[in-house]
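**Student:** I am attaching a structure below and will ask some questions about it afterwards.
Where a number appears in this text, it was derived from the coordinates with a stated rule and is not lab data. It should be emphasised that the depicted structure is a prediction, and the values quoted were computed from it without experimental measurement. A quick note on method: Cβ atoms are made from the backbone with ideal geometry, for glycine too, and the neighbour counts reach across all protein chains shown.
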Amino acid sequence: MAGAIARGVLFVHSAPRALCPHIEWAVSGVLGQHVRLDWQAQPAAPGLVRADFDWQCGQGTGARLASALRGWEHLRYEVTEDASRGYDGARWLHTPDLGIFHAVTDVVGNIVVPEDRVRAALEYAREPQVMVDLLDLAIGAAWDEELEPFRACEPAQPQRRLYAVS
């Protein structure tokens, strides 16, 4: 691992069970270590499975993970890479119907729309709805809309209580 360490999460929102070993192999190849994902049934798509994996590796790993999984026809996934020293964060979304979407994110995970995208929207939008459509495209609204039913099925995270020790 050269350079600074980055952290992120791989969410496989839905995959056919037959793809699971291939996904694990691809993720293992990117991270340089054996990865075994905890596959669970995906309630939003009976017959499919889902998993998530927190990763820590060199900066740019999120892009390599997204690229390793790109183009697999029946796979829905999301990769995040948190912002780290000197680097913006990023988010990649993939659905079978829409393909892949990439956006830069700030330190709290908000999508950052570059100035040139905003200027292009202002230049080409002659009607308010065109402006809305162009900005929706810039933030990946269609990808979020398609993935949301699969995200809603994520198990509730256990609550941790923090106690002050004096």
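**Student:** Ranked from highest to lowest mean number of other Cβ atoms within 10 Å per residue, what is the order of the peptides 22-29, 97-104?
**Tutor:** Packing order, densest peptide first, comes out as 22-29, 97-104.
**Student:** Considering only Glu145, Glu115, Glu78, give the residue with the highest GNM mean-square fluctuation for the chain, with springs between Cα atoms whenever their separation is below 10 Å.
**Tutor:** Its mean-square fluctuation being the largest, the pick is Glu115.
**Student:** Can I ask one more? Of Val118, His22, Phe101, whose Cα points farthest to the positive end of the dipole of the chain (charges on the beta-carbon: +1 Lys, Arg; -1 Asp, Glu; origin at the Cα centre)?
**Tutor:** Farthest towards the positive end: His22.
**Student:** Quick one: work out Rg over Rh on the C-alpha atoms of region 54-112, Rh as Kirkwood radius. Can you show the working numbers first?
**Tutor:** Working: Rg = 11.5 Å, Rh = 11.8 Å.
Rounded to two decimals, Rg over Rh is 0.98.
**Student:** So how many Å³ per residue does the convex hull of the Cα atoms of the chain work out to?
**Tutor:** 170
**Student:** Binning at 5 Å from 0, report for region 4-53 what percent of all alpha-carbon pair distances ends up in each bin.
**Tutor:** Spelled out per bin, shortest first, that is 5, 21, 29, 23, 12, 7, 3, 1, 0.
**Student:** A further question follows. Once the other residues with Cβ under 14 Å from the Cβ of Gly140 are scored (Lys, Arg +1; Asp, Glu -1), what is the net sum? Please list the in-between numbers first.
**Tutor:** Working: positive: Arg76, Arg91, Arg117, Arg151; negative: Glu78, Asp97, Asp133, Asp136, Asp144, Glu145, Glu146, Glu148.
In short, -4.
**Student:** Most fluctuating residue of Pro149, Pro114, Pro16 in a GNM of the chain with Cα springs under 10 Å: which is it?
**Tutor:** Of the options given, Pro114 has the highest mean-square fluctuation.
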